[in-house]
Amino acid sequence: MSSASEVRILNRVQSTIGARPEVVGAARGLSHFGEHALGWVAVAGLGAALDKPRRRQWAGVAVGAVGAHAASIVIKRVVRRPRPNDPSVQVNVSTPSKLSFPSSHATSTTAAAVLLGRLTGLPLPAVLVPPMLLSRLVLGVHYPTDVLAGSALGAASAAVLLRAEQKFGEK
């Protein structure tokens, strides 16, 4: 997909759903929650505190989210794709770096959602991932391919962790 095509998608998102102040506010909230995977670490910590028989699995959620986030940072530093910088794209939140690919928020959220879904039996990837991905476009800080690649990386990261748990006998 060309950069011009991705800017057109960003413009469409920002001129429709992203034109509503409450949506931008919610997107900012998701951005703060997902920063450095800290919101997912907090959820996992709360789960571990309240569900002591499955404390190890809750810790796995935190490890999975942080590990996925770390993988995305390594890839960002190798790829070095700049964030959207078209004058038609409104940036609605600050970012810790100028690097865009892949979206670390999409990566850690997808990993956490897959792991939480497996732990709880709930369809959490379908509920949690789309709003986070869309929020990154509403905020103008990622191209669509950044969030899609981040989500794929998060799913792959979660799959690696789940395979490791199976191999080493974790329940």
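The values are calculated or read from the model by the stated rules, or taken from the named source; none is laboratory data. Given the structure is predicted, the values throughout are model-derived calculations rather than measurements. To get the accessible areas, we keep the full protein, side chains included, count just its heavy atoms, and leave off ligands, DNA and RNA. Shrake-Rupley method; radii C 1.70, N 1.55, O 1.52, S 1.80 Å.
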> Where Rh denotes the Kirkwood radius from the mean inverse Cα pair distance, what is Rg over Rh for segment 68-155?
Replying inline: 1.00
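Kindly provide the helix-only [θ] at 222 nm of the chain, computed as the sum of -39,500 (n - 2.57) over DSSP H runs of four or more divided by all residues, to the nearest 500 deg cm²/dmol?
Working: 7 runs with 121 residues, N = 171.
Taking each H run of at least 4 residues, the total per residue is -24000 deg cm²/dmol.
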>> Give the aspartates and glutamates reachable from Lys98 as a straight Cα distance under 18 Å; neighbours fewer than 8 places away on the same chain don't count.
In response: Glu6, Glu35, Asp86, Asp146
>> For the chain, what does the accessible surface come to per residue with a 1.4 Å probe? Please give it in Å².
In response: 51
> What number, in nm² with one decimal, is the all-direction average of the projected area of the convex hull of the alpha-carbon atoms of the chain?
Replying inline: 9.9
> Each residue of segment 101-109 in order: what ³J(HN,Hα) in whole Hz does its phi give by Karplus 6.51 cos²θ - 1.76 cosθ + 1.60, θ = phi - 60°, with x for Gly and Pro?
Replying inline: 10, x, 6, 5, 4, 5, 5, 5, 5
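Could you work out what % of the accessible surface of the chain is carbon and sulfur, using a 1.4 angstrom probe and leaving DNA, RNA and ligands out of the count?
Details: 5710 of 8750 Å².
Solvent-exposed carbon and sulfur of the chain make up 65 percent of the total.
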>> Can you tell me, using C-alpha contacts under 8 Å and at least 6 residues apart, the relative contact order of the chain as a whole percent?
In response: 30
> Applying the Karplus parametrisation 6.51 cos²θ - 1.76 cosθ + 1.60 with θ = phi - 60° to the phi angles of segment 40-53, what ³J(HN,Hα) value in whole Hz is obtained for each residue in order, glycine and proline being reported as x?
Replying inline: 6, 5, 5, 4, 5, x, 5, x, 5, 6, 8, 10, 4, x
>> How would segment 68-115 be classified by its alpha-carbon gyration tensor: rounded, prolate or oblate, with rounded meaning a/c under 1.5 and the a/b versus b/c comparison settling the rest?
In response: oblate
